[in-house]
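Every read-out reported here was derived from the displayed coordinates using simple, explicitly stated rules and does not represent laboratory data. Only a predicted model underlies this, so the values are computations on that prediction, with no experimental measurement involved. No Cβ is skipped: glycine too gets one built from the backbone with ideal geometry, and neighbour counts run over all protein chains shown.
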Amino acid sequence: MIRILIADDHVVVRKGVKLILEEEHGLKVLGEATNRDEVIQSIQEKDWDILILDITLPGKNGLDILKEVKMLRPDLPVLILSMHPEEEFAGRALKLKAAGYVMKGSVPEELILAVNMILKGHRYISASLTEKLASSLELDSDIEKPLHEKLSKREKEVLIMIASGKSITKIAESIYLSIKTVSTYRKRILEKLNLETTADLIRYAIENCLVD
């Protein structure tokens, strides 16, 4: 039998979660808590297979309680069940080693899926949150990359030629493009690198080891 502790200050929520979970064979809600003190007392007095924790509890919020729980019982998996949007708290909860995050407005099947996945040793992250986290990582990656990594292959080629001292005319001749087209490339490069002049381009290329 799987022993579940629910921490939520609303009796209707606790009863609803209990009803949903106990329809699943083998799951049993054996404990309820309404605040931080009751949560800490419960995990110190008994062993639990999973704690389902609300973020908004009286006195101390769920994320602070999560920190305490992980210090006292690092192996106890904690599923955050919250009314707050994923983008607001899920990332922080997962960094604090929550095993998953489920919205209170989710369908019952998602709650059961999350609990079963966590009991098998996995983390539960919804499809929508996975997409948001992936987008966030991509944005962070873009921020960390040098600005010239955003240039196209041709733009980078023109940048290196300009930084090597070649004139727009000479560059146009060497890559078989019109002077107007090369000038357009130069303008785009300046915009992408947040620069203003050819001297700025040369300095940037030297500082980033694009030319000798």
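Here, region 2-125 is characterised by an Rg to Rh ratio of 0.91, where Rg is the alpha-carbon radius of gyration and Rh the Kirkwood radius. Determine which lysines satisfy two conditions relative to Lys104: a Cα distance under 23 Å, and not lying fewer than 8 residues away in the same chain. Result set, ordered by chain and number: Lys15, Lys18, Lys28, Lys60, Lys67, Lys70, Lys95, Lys120, Lys132.
Using the 10 angstrom Cβ neighbour count as an exposure proxy, how do Leu159, Leu190 rank, fewest first?
Leu190, Leu159
Based on a Kirkwood Rh over C-alpha pairs, give the Stokes-Einstein translational diffusion coefficient of region 19-73 at 25 °C and viscosity 0.890 mPa s in µm²/s. Show your work: numbers first, answer last.
Numbers: Rh = 12.0 Å.
For these conditions, the coefficient is 204 µm²/s.
Around the Cα centre of the chain, unit charges on the Cβ atoms of Lys, Arg, Asp and Glu (plus for the first two, minus for the last two) sum to a dipole of about 820 debye.
Calculate how steeply helix 36-45 sits against the longest principal axis of the alpha-carbon atoms of the chain, using the helix alpha-carbon long axis, and give the answer as 0 to 90 degrees to the nearest 10. Rounded to the nearest ten degrees, it is 70. Which FRET efficiency value, to the nearest 0.05, is calculated for Ile206 and Lys166 with the Förster distance at 25 angstrom and r the Cβ-Cβ distance? Plugging the Cβ-Cβ distance into 1/(1 + (r/R0)^6) gives 0.95.
Divide by every residue of the chain the summed helix terms, -39500 (n - 2.57) for each DSSP H run of at least 4, and state the resulting mean residue ellipticity at 222 nm, rounded to the nearest 500 deg cm²/dmol.
Numbers: 10 runs with 115 residues, N = 212.
Helices in the chain give a 222 nm mean residue ellipticity of -16500 deg cm²/dmol.
Can you work out D for region 147-207 in µm² s⁻¹ from Stokes-Einstein, where Rh is the Kirkwood radius over C-alpha pairs, the temperature is 37 °C and the viscosity is 0.692 mPa s?
On the way: Rh = 11.3 Å.
It diffuses with D of about 291 µm²/s by this estimate.
On a per residue basis, the convex hull of the C-alpha atoms belonging to the chain measures out at 178 Å³. Expressed as an acute angle from 0 to 90° and rounded to the nearest 10, what is the orientation of the C-alpha long axis of helix 108-119 relative to the principal long axis of the chain? Taking Cα atoms only, the helix is inclined about 90 degrees.
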